[in-house]
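S.K.: Starting off with a structure, shown below.
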Amino acid sequence: MTVRGGTPEQNAQAATAARPKGAAPLWPFIVVGLLLLQIGLSVAGAYLATRGQSFSVEDDYYNKALHWDDYAALARASAALGWKSELTIGSAATAAGRRAVVLHLTDKDGHGIAGATVQMICFHHARANAYQDLTLHATEPGVYVTDALLDRAGTWEFRFTVSRGREMFINTTAQEL
């Protein structure tokens, strides 16, 4: 409360008189409340970042960043092979949500690639922390299959590493289910 045309001393006396005797000032409680809110939000954020399946940090990202040039060279060598991959996801799922995943691999001449070892990592974009690391098995030359738990609609990412002898082929693809 201020006194119209009053001096600063009169205004201070009027503000003190307006507050009831024994009443504590409100501003310290506001400051403490805001600090507690900040601590609570920080704890909740840390919990979600480390425990939630929707939040993910790329595995071994620091080492991958250090060796990015090696990865880029592998990608160039992979492209130079001329291999092609086509991913097919089975439309029918089991009661547990598992679906057939079929990878067709062909060389630059269109022939099936036999005798390869195929590793696959797949995850739903909304649950990147819940990834599956699977091995595909050859059923015929150039056809590699496995079953994966693909239990939700949306975008799934599939990362393949194919090796045959000294040859290595990498590919990443995304599909809507």
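Readers should treat all values here as calculations from the given coordinates under stated rules, not as data from a laboratory. Only a predicted model underlies this, so the values are computations on that prediction, with no experimental measurement involved. Cβ coordinates were reconstructed from backbone atoms using ideal geometry, including for glycine residues, and neighbour counts include every protein chain displayed.
S.K.: What FRET efficiency, computed as 1/(1 + (r/R0)^6) with R0 = 22 Å and r the Cβ-Cβ distance, is obtained for ALA174 and SER42, rounded to the nearest 0.05?
M.R.: Between ALA174 and SER42 the formula returns 0.10.
S.K.: Separation between the GLU157 and TYR62 pseudo-spin-labels, each 7 Å from Cα along Cα→Cβ, expressed in nm?
M.R.: Taking the simple label geometry, GLU157 and TYR62 are separated by 2.1 nm.
S.K.: Also, quick follow-up: If you take the square roots of the eigenvalues of the alpha-carbon gyration tensor of the range 61-176 and sort them as a ≥ b ≥ c, do you get rounded (a/c under 1.5), prolate (a/b over b/c) or oblate?
M.R.: Judged from the Cα gyration tensor, the range 61-176 comes out oblate (a/c at least 1.5, b/c at or above a/b).
S.K.: Let me ask another. How much FRET efficiency would the formula 1/(1 + (r/R0)^6) give for SER54 and LYS108, where r is the Cβ-Cβ distance and R0 is 45 Å, rounded to 0.05? Present the calculation step by step, with values, prior to reporting the outcome.
M.R.: Numbers: r = 40 Å, r/R0 = 0.88.
Efficiency, rounded to the nearest 0.05: 0.70.
S.K.: Right, here's the next one. What is the order of ILE113, ILE121, ILE30, fewest Cβ neighbours within 10 Å to most?
M.R.: In order of increasing Cβ crowding within 10 Å: ILE30, ILE121, ILE113.
S.K.: Which whole-number percentage describes the relative contact order of the chain, with Cα contacts under 8 Å and a sequence gap of 6 or more?
M.R.: Computed value for the chain: 17 percent relative contact order.
S.K.: Spelling out what I want: for every residue of the range 38-43, take phi, set θ = phi - 60°, compute 6.51 cos²θ - 1.76 cosθ + 1.60 (Karplus), and round to whole Hz; glycine and proline get x.
M.R.: 4, 5, x, 5, 5, 5
S.K.: In addition: Grab the DSSP H runs of the chain that are 4 residues or longer, score each as -39,500 (n - 2.57), total them, divide by all residues and round the 222 nm result to the nearest 500 deg cm²/dmol.
M.R.: -10000 deg cm²/dmol
S.K.: Quick check for me: using +1 on Lys/Arg Cβ and -1 on Asp/Glu Cβ, what's the dipole size of the chain about its Cα centre, in debye to the nearest 20? Intermediate results must be reported in sequence, preceding the final value.
M.R.: On the way: 15 positive and 16 negative charges, 181 e Å.
Its charge dipole is roughly 860 debye.
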